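Contents: one structure, followed by commentary.
The values are calculated or read from the model by the stated rules, or taken from the named source; none is laboratory data. Worth saying up front: this structure is predicted, and the values here are computed from it rather than measured. Virtual Cβ from ideal backbone geometry, glycine too; neighbours counted across all protein chains shown. For the accessible areas, the whole protein counts, side chains as well, though only heavy atoms, and no ligand, DNA or RNA atoms are used. Shrake-Rupley method; radii C 1.70, N 1.55, O 1.52, S 1.80 Å.
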Amino acid sequence: MKDGLEFLFDGITPRPPRRAPEDPDRQRWARRLRRLALTATILVSAGTVGVLATGYLTSSDLSGRVARLGEVFGGVEAAERPVTAEAVTSGRSILAIGAELRGPGSDSDPDSDPDSGSTAGSANGPGDGPIDAPADDPAPGGVGRPPAGAVMLIRFDPRDDSASVISIPYLTRVDVPGHGRTTIASAHTLGGPTLLVRTVEQLTSVRVDHFMVVDFDELAPVVDVLGGVDVTVAADITDRTGVRFRAGVNRLDGARARAYLRQPDDLPDGTADRTQRRQNLLRAVLTRVASAQPDADALENYRLLDAVTRAVSVDDRFGRDELRDVARAAAGASRGSIWFLVAPTRSTTGGGVEGAGSEPYLLLEPGRSVRLWHAFRTGTVEAYISAHPEDLLSTNPG
């Protein structure tokens with residue numbers, strides 16, 4: 001028997017307590033907030049996809065605008081080419097040269113008329129006509145012209161997000177296939193990019209995957225898009241056009257970048273300073289790209305890609321996907337792992353060398369240069385630098 005009156009409530013379900021009616025305004029605001037949250041989620045998701053898609057489409061479109069150099073590798077015999085080291089098959093080795101600067105204060109004779117037929121200050125060298133390029137060649141720097149300042153081997157290694165650039169000064173004397181010993185710049189003048197590729201591969205045992213021409217004049221818009229770059233200058237100097245630089249770090253916009261490249265004509269060691277300043281500016285640009293986040297802004301991404309595509313020409317085997325991969329590798333390079341080196345050389349004159357005359361030129365240091373090429377081939381440049389820090393590009397080259 002149940003205690004008390006509990007038996008009276010058997011089988012009766014308790015009624016839940018009554019809640020106060022909700023405020024209609026509160027209900028409307030709750031529904032509105034839910035709709036806003038859903039809309040925001042959709043917009044953010046769509047925006048993210050849109051930015052990624054826009055970046056892909058614009059990079060695909062812009063990479064298609066890059067000027068192409070035909071038949072660079074057509075004359076390179078497969079049997080004589082080096083084999084890519086297995087340790088670095090994931091990266092690409094790019095052989096690059098610079099195009100001559102133009103305009104007042106440039107390397108070329110400012111008084112020369114490019115249409116007059118005069119070869120003074122010509123990009124093909126004194127007394128040399130065009131070798132393999134038509135006069136209306138649209139590629140920056142032309143094809144078959146000697147490199148401006150240096151020949152560069154460039155490699156982006158995705159394994160450790162590093163970038164290595166080795167400069168071979170253009171007055172360096174090497175064996176050129178079919179032409180004996182002459183300067184490495186002459187290889188390009190005598191046989192265009194194809195002969196230069198053969199020469200560099202024979203010299204370094206590095207298999208060249210692609211060829212590139214960098215138009216230094218067109219680097220100025222790249223500098224502007226990046227918001228300027230920093231370079232270090234050794235001493236106060238004012239060039240012939242009145243542009244002044246102070247000793248220490250200088251922030252360059254596009255116009256000052258052009259002046260920075262041209263100033264070495266007024267410095268004591270013009271050739272060496274010019275080469276090093278070009279490398280220094282390239283290093284500043286690459287470092288700035290690596291520290292920027294262009295993907296965060298689709299418009300800035302487009303402007304940067306547009307400027308870069310105007311500054312370079314590449315071989316016709318350099319596909320769009322590969323160009324995008326290289327661009328991503330450049331943007332993803334760690335600032336502490338961007339290495340710029342100058343191949344070790346010593347200065348001498350032509351005494352006793354057939355055809356060399358008395359003009360000064362450079363010879364590679366045989367032991368160190370062989371080790372440097374090996375480090376580049378095998379992706380061990382950082383270890384080489386630890387042993388030979390003197391081969392790093394100076395941070396304030398004049």
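Candidates in the range 190-229 are the residues that are part of a helix (DSSP H, G or I) and among the charged types (D, E, K, R); of these, the one that is farthest from residue 316 (Cα to Cα) is 224.
Of the residues making up the range 230-257, those that are open to solvent by 50 Å² or more (accessible area, probe 1.4 Å), among the hydrophobic types (A, V, I, L, M, F, W, C) and not in a strand (DSSP E or B) are 234, 235, 247, 255. The residues of the range 165-189 that are polar (S, T, N, Q), part of a strand (DSSP E or B) and open to solvent by 10 Å² or more (accessible area, probe 1.4 Å), listed by number, are 182, 183. The conditions of being open to solvent by less than 50 Å² (accessible area, probe 1.4 Å) and of a type in the set (Ser, Thr, Tyr) are met by residue 194.
Residues in the range 333-342 that are part of a helix (DSSP H, G or I) and surrounded by 14 or more Cβ atoms within 10 Å (Cβ to Cβ): 337 alone.
Residue by residue, here is whether (1) β-branched (Val, Ile, Thr); (2) within 15 Å of residue 251 (Cα to Cα) holds:
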{"site": "182", "(1), (2)": "yes, no"}
{"site": "187", "(1), (2)": "no, no"}
{"site": "195", "(1), (2)": "no, no"}
{"site": "199", "(1), (2)": "yes, no"}
{"site": "206", "(1), (2)": "yes, no"}
{"site": "222", "(1), (2)": "yes, yes"}
{"site": "227", "(1), (2)": "no, yes"}
{"site": "234", "(1), (2)": "no, yes"}
{"site": "238", "(1), (2)": "yes, no"}
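Does residue 356 qualify as being at pLDDT below 85, surrounded by 15 or more Cβ atoms within 10 Å (Cβ to Cβ) and assigned to a loop (DSSP other than H, G, I, E, B)? Let's see the steps before the verdict.
Details: at pLDDT below 85: yes; surrounded by 15 or more Cβ atoms within 10 Å (Cβ to Cβ): yes; assigned to a loop (DSSP other than H, G, I, E, B): yes.
Judged against the criteria, residue 356 is a match.
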